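Read through the structure below, which is laid out as structure tokens, and then see the notes.
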Amino acid sequence: MPSTDDRLDLVPRQESGELRAFSLAVVVHLLLAAALTWGVSWKSSDPTISFEAELWSNVQQEAAPALEAPPPPPPAPEPEPVPTPTPAPAPAPPPPAKVDTLPDPDIALAQEKLRKQKDAEAKKKALALAEKQEKARQEKEKEKELAQAKAKAAAQAKVESQKLTAQKEQEAKKQAAADAKFRKDNIARMNAQLGATGAPDAKGSALQSSGPSASYGGKVRARVRPNVIFADDIVGNPVAEVEVRTTLDGTITSQRLVKSSGNKAWDDAVITAIVRTATLPRDTDGRVPSPLIISFRPKD
């Protein structure tokens with residue numbers, strides 16, 4: 001329960017301006033009385049004073065006319081009476097505040113409770129705003145970390161993909177080499193089963209060698225040389241190479257100059273000689289290699 005002192009603090013206090021106004025009025029009246037008294041007393045004495053004197057000398061001199069007294073100054077105007085100041089009216093007391101049916105202490109308590117309630121609501125709103133901002137910041141940080149993790153995972157996946165692709169390519173090359181070797185070995189094995197004619201250390205896969213033997217070139221030149229007609233002098237010993245195609249029995253079907261000797265007469269003589277030869281001899285294995293490139297020199 002509030003004490004009596006607390007209740008008196010809430011009662012409107014009385015104004016203390018009446019005593020001050022009364023003192024001011026007394027001082028003004030005293031000043032007015034002093035001014036009136038001074039105005040009457042200064043008129044009772046005559047301020048005009050005249051002097052007269054005679055001077056004697058051994059020489060007779062005529063006296064000057066007597067000095068006339070100046071006329072008295074006009075009387076000073078009476079001072080206007082000082083109006084007596086009217087004391088200021090005391091301020092009207094403020095109108096009584098509208099009070100509720102509750103007593104004054106109860107109103108103060110209610111106001112204090114309302115103030116505390118408003119402060120609590122303001123603090124609650126500020127706390128909610130701070131929590132919202134913190135939550136938004138945390139979500140933004142999580143999104144940033146997630147984006148960085150995705151980028152890192154994508155980069156790592158790309159590296160792994162490149163490694164896997166390179167590994168697959170290497171494995172494909174190894175497999176292709178193994179398949180080629182396996183195919184070659186199978187061909188060699190089948191040729192051996194079918195009766196290949198190669199030497200034991202031969203590395204080919206055909207049943208028989210398709211190239212001519214070492215002595216076949218001499219046989220061909222010996223067959224063609226008698227048909228060469230060339231009587232011109234020639235500088236050096238240039239070579240002319242001719243590609244010859246034949247049938248299985250050695251009949252020449254075409255001839256083509258693939259490398260010129262630099263002397264057209266010698267090149268034409270070689271071509272004419274091949275045409276005249278018509279057929280080529282068989283090799284040691286009974287075959288005629290085709291196509292065949294034959295070299296001819298004029299001084300061989």
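Below is a table of values for the structure above.
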item	result
Residue within region 99-120 that is modelled with pLDDT under 90, surrounded by 10 or more Cβ atoms within 10 Å (Cβ to Cβ) and not in a helix (DSSP H, G or I) present	yes
Single unsatisfied condition, I293 versus (1) open to solvent by 70 Å² or more (accessible area, probe 1.4 Å); (2) assigned to a loop (DSSP other than H, G, I, E, B); (3) among the aliphatic types (A, V, I, L, M)	(2)
Hits in region 249-272 (condition: open to solvent by 30 Å² or more (accessible area, probe 1.4 Å), of a type in the set (A, V, I, L, M, F, W, C) and either on the phi > 0 side of the Ramachandran plot or not in a strand (DSSP E or B) (or both))	A265, I271
Residue match in region 227-235 (condition: over 60 Å from the mean Cα position of the chain (by Cα), within 25 Å of P289 (Cα to Cα) and surrounded by 12 or more Cβ atoms within 10 Å (Cβ to Cβ))	yes
Residue pairs meeting the criteria (Cβ under 9 Å; at least 6 apart or on separate chains; first in contact (Cβ under 8 Å) with a residue 60 or more places away in the chain, in region 245-269; second hydroxyl-bearing (S, T, Y) and open to solvent by less than 40 Å² (accessible area, probe 1.4 Å))	none
V275 being open to solvent by 40 Å² or more (accessible area, probe 1.4 Å) and modelled with pLDDT of 90 or more	yes
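The values are calculated or read from the model by the stated rules, or taken from the named source; none is laboratory data. Bear in mind that the values here come from a model prediction, so they are computed numbers and not experimental data. Counting neighbours? That spans all protein chains shown, and the Cβs are built from the backbone with ideal geometry, glycine included. These area figures cover heavy atoms from the full protein model, side chains too; ligands, DNA and RNA do not enter into them. Shrake-Rupley method; radii C 1.70, N 1.55, O 1.52, S 1.80 Å.
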